[in-house]
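The values are calculated or read from the model by the stated rules, or taken from the named source; none is laboratory data. Just so it is clear, the structure is predicted and the values come from calculations on it, not from any experiment. Cβ: placed from backbone, ideal geometry, glycine included. Neighbour counts: every protein chain shown.
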Amino acid sequence: MTGPGRTESARKPTAGHHEADPTALLHAATLALAGAGLLAGVTGAAVAGLLRQARSTARRIEHAQHEVGPVLTQDPALAEAALTAARLDGSYAPSTWGAVGGAAQQAADATAQRWLPRGDGVYGPTGELVDGAPDGAGGVLRLAMLGDSTAVGFGCTVADELPGVMLARGLARAAGRPVALRTLGVVGVGAADLDRQLALVGPGGADVVVVVVGANDIRDKVSPHLSARLLGAMVGEATRAGMPVAVGTCPDFGVIGAIPQPLRTLLRTWSHRLADQQAREVIRAGGEPVAIGQLVSPEFAGRPELFAADRFHPSGAGYARAVDALLPAVLRAVLGGDEVPRPARPAE
């Protein structure tokens, strides 16, 4: 069986490239939680303690990165403010490879995007890459992956581990037809970017659209209500154009052991709130939500092998768990029927 090849992801960046910042969320999340009322009643001293935890976590993450070499599987979604807080109080010197936020962060995200494995192509019913026109002709089904770093497989080291590739192969096996995969997600973006991504698909340009988004909206302090509303608007536009949509809602940040307590509990509350609002908006817009935080995240607790080297994003094995949850919704969208059995993954 042939498969998508390994790309630049295994190589180190050359001088002048920005690596994705390894510490992207904790301090900003604390401030966002306060703004959302989730820190109501917490004293100034307690908030200061949370920021100290953020700084300590930032240093641990930074040390881990240098231990494993340049970590290119790092979305700024889970540690931005930890590094920001450390820099503000002078306890951490900025890295030479970029700064948090603004143009520097965008450059880092863009570089990380370029180093991802590439898996787009047409997959046959036995999982192999085949020649085929991805335009809906000749029985070729079209699968579009939209969203953020999780949608594009940040944390994977080879293309076979990418969630889009696994979903395309699962759909091709179940449908007995080739599936053309097109990945349009972008590292570092939030729900506000979904309209642009959908425009690249075009009206009727996919037989099913899969979306995973939300973590970066926490980083950027976008309210759960607004983030979910933007997602719902995009889902509604896609369904009105005849393209069914399956959405993996925000995962549970509470299973990420690299985030210390009590901050981890606060982030769990935030991510649950976002996931709940996402699900409501997706249903209202005619899509199908898949509760990643309930169906998948609990499996990650105490399972380091399900995390990538950054200890935040899933590894290939972790993405496979998410695909197990998403695939039935994809099959229902394309093949119809209320009860679609979950196809077993091929033996490794």
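Taking every residue in region 208-219 that is at positive phi and at pLDDT 90 or above and pairing it with any residue that is buried (at least 24 other Cβ atoms within 10 Å of the Cβ) and not acidic (Asp, Glu), at least 6 positions away or on another chain, the pairs with Cβ-Cβ distances below 6 Å are GLY214/CYS250; GLY214/LEU274.
Can you spot a residue in region 218-227 that is under 23 Å from PHE154 (Cα atoms), hydrophobic (A, V, I, L, M, F, W, C) and not in a loop (DSSP other than H, G, I, E, B)? Yes, there is a match, as at least one residue in region 218-227 is under 23 Å from PHE154 (Cα atoms), hydrophobic (A, V, I, L, M, F, W, C) and not in a loop (DSSP other than H, G, I, E, B).
Against the definition (surrounded by fewer than 17 Cβ atoms within 10 Å (Cβ to Cβ) and assigned by TED's automatic domain parsing to the domain that holds GLU288), how does ARG240 come out, yes or no? Criteria met by ARG240. What number of residues within region 283-298 satisfy the criterion of being in a helix (DSSP H, G or I) and under 17 Å from the mean Cα position of the chain (by Cα)? Qualifying residue count, region 283-298: 6.
With respect to the conditions (1) buried (at least 24 other Cβ atoms within 10 Å of the Cβ); (2) within 16 Å of the chain's Cα centre (by Cα); (3) assigned to a helix (DSSP H, G or I), ARG321 lacks only one, and its number is (1). Within the option set LEU226, LEU231, LEU266, being in contact (Cβ under 8 Å) with a residue 40 or more places away in the chain and more than 22 Å from LEU327 (Cα to Cα) holds for one residue only, LEU266.
Any residue at all in region 149-159 that's touching a residue at least 60 places away in the same chain (Cβ under 8 Å), out of contact with any Cys (no Cβ under 9 Å at 6 or more places or on another chain), under 23 Å from ALA241 (Cβ atoms) and among the hydroxyl-bearing types (Ser, Thr, Tyr)? No, there is no match, as no residue in region 149-159 is touching a residue at least 60 places away in the same chain (Cβ under 8 Å), out of contact with any Cys (no Cβ under 9 Å at 6 or more places or on another chain), under 23 Å from ALA241 (Cβ atoms) and among the hydroxyl-bearing types (Ser, Thr, Tyr). Among the conditions (1) under 30 Å from GLU305 (Cβ atoms); (2) over 19 Å from the mean Cα position of the chain (by Cα); (3) of a type in the set (Gly, Ala, Ser), the only one that ALA238 does not satisfy is (1). Taken together, PHE307, PHE300 contain a single residue that is in the same structural domain as ALA168 (by TED's automatic domain parsing) and modelled with pLDDT under 75, which is PHE300.
A single entry from PRO289, PRO260 fulfils the requirement of being in contact (Cβ under 8 Å) with a residue 40 or more places away in the chain and surrounded by fewer than 21 Cβ atoms within 10 Å (Cβ to Cβ): PRO260.
Within the set LEU331, LEU295, LEU335, the sole residue that is among the aliphatic types (A, V, I, L, M), surrounded by fewer than 21 Cβ atoms within 10 Å (Cβ to Cβ) and farther than 11 Å from GLY248 by Cβ turns out to be LEU335.
Table: residues versus (1) touching a Ser or Thr at 6+ places or on another chain (Cβ under 7 Å); (2) of a type in the set (A, V, I, L, M); (3) in a loop (DSSP other than H, G, I, E, B).
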| residue | (1), (2), (3) |
| --- | --- |
| LEU171 | no, yes, no |
| ALA174 | no, yes, no |
| VAL186 | no, yes, yes |
| ALA192 | no, yes, no |
| ARG196 | no, no, no |
| ALA199 | no, yes, no |
| ALA206 | no, yes, yes |
| VAL209 | no, yes, no |
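Each row is one residue, and each column tells you yes or no for (1) more than 19 Å from VAL290 (Cβ to Cβ); (2) surrounded by 24 or more Cβ atoms within 10 Å (Cβ to Cβ); (3) at pLDDT below 95.
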| site | (1), (2), (3) |
| --- | --- |
| GLY153 | no, yes, yes |
| VAL158 | yes, no, yes |
| LEU162 | no, yes, no |
| GLY185 | no, yes, no |
| ALA191 | no, yes, no |
| LEU194 | no, yes, no |
| LEU198 | no, yes, no |
| PRO203 | yes, no, yes |
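Do we find a residue being within 27 Å of VAL130 (Cα to Cα) and among the aliphatic types (A, V, I, L, M) anywhere in region 224-243? Yes, region 224-243 contains at least one residue that is within 27 Å of VAL130 (Cα to Cα) and among the aliphatic types (A, V, I, L, M). Annotation: ALA258 fulfils all but one of (1) assigned to a loop (DSSP other than H, G, I, E, B); (2) in contact with a Phe, Trp or Tyr (Cβ under 8 Å, 6 or more places away or on another chain); (3) at pLDDT 85 or above; the unmet one is (3).
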